[in-house]
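Notes follow once the structure below has been shown.
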Amino acid sequence: MTLTAPASRTATRRSRVTAGTVLAYVSLVAASLVVLVPLLVILLTSLKTSREMADGSGALTLPHDWLNLSNYATAFTDGHMLTALGNTAFILLFSITGTVLIGSMTAYAIDRFEFRLKKPVMALFLVATLVPGVTTQVATFQVVNSFGLIDTRWAPILLYMGTDIVSIYIFLQFIRGIPTSLDEAARLDGANSFTIYRRIILPMLKPAIATVVIIKGITTYNDFYIPFLYMPSEDLGTISTALFRFKGPFGAHWEDISAGAVLVILPTLIVFLFLQRYIYNGFAQGATK
Amino acid sequence: MTHTTHTAPPPGPPAKTDGIRRRAGRRNHVPPHRSWRQHPLRRLTPWLFLLVPLALLITFTYVPVGNMIYYSFTDWDGVSPDRSFVGGDNYRELVTRPELFRVFAVSLYYLAASAVQIAAALYFATLLSFDLRLRNLFKGILFFPYLINGVAIGFVFLYFFQDGGTLDSVLSLFGAGGGHAWLGDPRSANTSLAGVSVWRFTGLNFVLFLGAIQSIPGEQYEAAELDGASRWQQFRHLIVPGIRPVIGLSVILAISGSLSVFEIPYIMTGGATGTQTFVIQTVKLAFQFNKTGLASACAVVLLLIILAVTWIQRRLLPDEKVDLV
């Protein structure tokens, strides 16, 4: 970096770039290590036997048997991961379908119609983005309770559906780009508003739907707070709460806990590898609304 | 509370009549000279589409906010049928019992962490906006933590900070003595937890910044290069002004995020050794100690602070639209 007495301007530039480039790579590799080492250690730990864990050789040693999957079996069966997977899938299916329908219907109504109270309705959705979900759970709990939905899978489904304003914005932004001439043409052919929504708008919204499904899917899969509050029963564990319950029975059995954590992270990794592009765009869109 | 329910009735009754009229209208056929735009149905149809979304929005956002404000003036325990009005007692208790307000000090750790996070994200976003080898690989690695399940992150880092865990083992590679109980005393525990939050959230800021930097037109860089601007000058005078709205947004997200930290400390320490945050305390008051009234007052205070922060941001950055897409 500290270069002295440059002979010419171009020479300075070239040498500065190389020194800078080295530094850039060093910092990138360092950051990558910071990200990866904690995760890799968990992967190593998940492959060790309890005897290997007890011999005090440290966290960075390699497992003797790289194919020792017994901890995964323990985590999967004793950790009730299959039930958790089922519950999470059930919640995902309904809350994502609901979010897509609600978000697209709202966007359609707001963008394609003129009606009195349109401004107040938009303001209602806008102001709601400012209310952070964590703060209102004290009172939301009582509302859910009054419907008798505590300790059912419908509680999180309704909450995920009803409080997702980000996807409404994603749909709203996208629907503006769909030319209204399409609606008008269909209208002349005698289609009513519902048919237009169903046959024209919804199919045209596909890219936005993909974005919403991905973001919503990942955030729902990862959510801990809502299932933790609303579904305390053991047999209603989701991926997050089932993993959280590893803390008690497995105590200091880090090999089992690690296997559980790897089981939970793996699907995310696979989805990420296949859908990278969509994920970056989706989360960028979601966060800026 | 009451003002929100006023908005609820309109979608109800008109929707029904609309359904009937619509069917009738279709049978009779709309006179062709009358365009759809002036048709009376057009005024009612949007409410059909908005019926369910508005009902959910009001039920799960506005009713809770209204109830919460109401509960905060009562001594309700969340279970018993009777509750009595206690005026501002809950708020008085919140302000006068120092241990209840002290949790805000913990937010300072997370606030400091956010500063580190934004700086790191800005640095790496700038780096990767230039053409580097393996750019997509690095981008993926830096972003991936943001996608990981919070409970899994909690366990990964419980093991990381454990006695003889990942951190101690790495340190001993460099000859530094281990044996420090990282989560043992408040200062080091909070620093460690705030570090986890940097690890987890830098990726999101990074991707936001990178997207914004890449939307700066390439000719501007070429012009800057021609003018002989150094990389630092390009960063200072081209990149930073170009992405200022996104930086502003990240700062706001960071502040409100720091105030409402819950998951990581709750999973990792359960709020022990001085790592209790405001939200953990509120959840405990409400669901463990059955002090719904007091917990509601806490939640109202947090909501007001976050609204104030957002309002200040809107004042400071007026009209600057964040538009990445």
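Does segment A:161-176 hold any residues that are part of a loop (DSSP other than H, G, I, E, B) and within 25 Å of A:T140 (Cα to Cα), and which are they?
A:T163, A:D164
For segment B:68-91, taking the residues that are within 28 Å of the chain's Cα centre (by Cα) and more than 15 Å from B:T282 (Cβ to Cβ), the one that is surrounded by the most Cβ atoms within 10 Å (Cβ to Cβ) is identified as B:F73. What do you reckon, is B:V246 free of Cβ contacts under 8 Å to residues at least 24 places away in the same chain and aliphatic (A, V, I, L, M)? No; evaluated as a whole, the condition is false for this residue.
Scanning segment A:157-193 for residues that are farther than 26 Å from B:L57 by Cα and without any contact (Cβ under 8 Å) to a residue 12 or more places away in the chain yields A:P179, A:S181, A:E184, A:A185, A:R187, A:L188, A:D189, A:G190, A:A191, A:N192. Here the condition is being in the same structural domain as B:S260 (by TED's automatic domain parsing), exposed (fewer than 15 other Cβ atoms within 10 Å of the Cβ), in contact with a helix residue (DSSP H, G or I) (Cβ under 9 Å, 6 or more places away or on another chain) and free of Cβ contacts under 8 Å to residues at least 60 places away in the same chain; of B:L137, B:L167, B:L147, it holds for B:L137 alone.
Of the residues making up segment A:268-289, those that are surrounded by 16 or more Cβ atoms within 10 Å (Cβ to Cβ) and modelled with pLDDT of 90 or more are A:T268, A:V271, A:F272. Looking across segment A:99-119, just one residue is free of Cβ contacts under 8 Å to residues at least 24 places away in the same chain, in a helix (DSSP H, G or I) and at the interface with chain B (Cβ under 7 Å from one of its Cβ atoms), and that is A:A109.
Out of A:R198, A:R176, one residue alone is in contact with a helix residue (DSSP H, G or I) (Cβ under 8 Å, 6 or more places away or on another chain) and away from every other protein chain (no Cβ under 11 Å). It is A:R176.
Listed here are the residues, each with its yes/no results for (1) at the interface with another protein chain (Cβ under 8 Å from one of its Cβ atoms); (2) closer than 23 Å to A:G248 by Cα.
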site	(1), (2)
B:G242	no, no
B:V246	yes, no
B:I255	no, no
B:S260	yes, no
B:K284	no, yes
B:Q288	no, yes
B:L302	yes, no
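If I filter segment B:55-67 for residues that are at pLDDT 50 or above, assigned to a helix (DSSP H, G or I), surrounded by fewer than 17 Cβ atoms within 10 Å (Cβ to Cβ) and among the aromatic types (F, W, Y), do I get at least one hit? No, segment B:55-67 contains no residue that is at pLDDT 50 or above, assigned to a helix (DSSP H, G or I), surrounded by fewer than 17 Cβ atoms within 10 Å (Cβ to Cβ) and among the aromatic types (F, W, Y). Considering each residue of segment B:174-183 in turn, none proves to be loosely packed, with under 13 Cβ neighbours inside 10 Å and either basic (K, R) or within 30 Å of A:I218 (Cα to Cα) (or both). Note on segment A:42-61: residues that are among the hydroxyl-bearing types (S, T, Y), modelled with pLDDT of 80 or more and outside any helix (DSSP H, G or I) amount to 1. Of all residues in segment A:157-184 being surrounded by fewer than 20 Cβ atoms within 10 Å (Cβ to Cβ) and of a type in the set (D, E, K, R), which is nearest to the chain's Cα centre (by Cα)? Per the criteria, the residue is A:R176.
One line per residue, one yes/no per condition, for (1) over 23 Å from A:A210 (Cβ atoms); (2) under 21 Å from the mean Cα position of the chain (by Cα); (3) hydrophobic (A, V, I, L, M, F, W, C):
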{"residue": "A:L229", "(1), (2), (3)": "yes, yes, yes"}
{"residue": "A:D235", "(1), (2), (3)": "yes, no, no"}
{"residue": "A:K247", "(1), (2), (3)": "yes, no, no"}
{"residue": "A:A252", "(1), (2), (3)": "yes, no, yes"}
{"residue": "A:L273", "(1), (2), (3)": "no, yes, yes"}
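Here the condition is being of a type outside the set (G, A, S) and within 24 Å of A:L62 (Cβ to Cβ); of B:V170, B:V198, it holds for B:V170 alone. Can you confirm whether A:A84 is exposed (fewer than 13 other Cβ atoms within 10 Å of the Cβ) and modelled with pLDDT under 95? Considered against the rule, which asks whether it is exposed (fewer than 13 other Cβ atoms within 10 Å of the Cβ) and modelled with pLDDT under 95, A:A84 comes out as no.
Would it be correct to say that B:A223 is within 12 Å of another protein chain (Cβ to nearest Cβ), farther than 25 Å from B:G293 by Cα and in a helix (DSSP H, G or I)? When the stated conditions are applied, B:A223 does not pass them.
Scanning segment B:191-211 finds no residues that are farther than 27 Å from B:S114 by Cβ and surrounded by fewer than 21 Cβ atoms within 10 Å (Cβ to Cβ). In segment A:135-156, the qualifying residues are those that are more than 7 Å from chain B (Cβ to nearest Cβ), buried (at least 22 other Cβ atoms within 10 Å of the Cβ) and among the aliphatic types (A, V, I, L, M), and the one that is farthest from B:I58 (Cα to Cα) is A:A155. Taken together, the residues in segment A:202-257 that are under 20 Å from A:T163 (Cβ atoms) and in a loop (DSSP other than H, G, I, E, B) amount to 4. Within segment B:12-19, none of the residues are at pLDDT below 90 and not in a helix (DSSP H, G or I).
Whether any residue in segment A:24-33 is surrounded by 14 or more Cβ atoms within 10 Å (Cβ to Cβ), more than 13 Å from every other protein chain (Cβ to nearest Cβ), in a helix (DSSP H, G or I) and among the aromatic types (F, W, Y) is what I want to check. No, segment A:24-33 contains no residue that is surrounded by 14 or more Cβ atoms within 10 Å (Cβ to Cβ), more than 13 Å from every other protein chain (Cβ to nearest Cβ), in a helix (DSSP H, G or I) and among the aromatic types (F, W, Y). Among the helices (runs of 4 or more DSSP H) confined to segment B:124-217, the ones with at least 2 residues that are more than 27 Å from A:R245 (Cα to Cα) are located at B:135-143, B:166-173, B:186-214.
Restricting the first member to segment B:251-277 and to residues that are closer than 23 Å to B:I312 by Cα, and the second to residues that are hydroxyl-bearing (S, T, Y), the beta-carbon pairs closer than 6 Å and six or more apart or on different chains are B:A254/B:S114; B:S258/B:S107; B:S258/B:Y110; B:S258/B:S114; B:L259/B:S107; B:V261/B:Y110; B:V261/B:T277. Within segment B:133-183, the only residue that satisfies the criterion of being facing another protein chain (nearest Cβ under 7 Å) and touching a Lys or Arg at 6+ places or on another chain (Cβ under 7 Å) is B:P145.
The values are calculated or read from the model by the stated rules, or taken from the named source; none is laboratory data. All of these numbers come straight from a predicted model, not from anything done at the bench. So basically every Cβ, Gly included, is an ideal-geometry build from the backbone, and we count neighbours across all protein chains shown.
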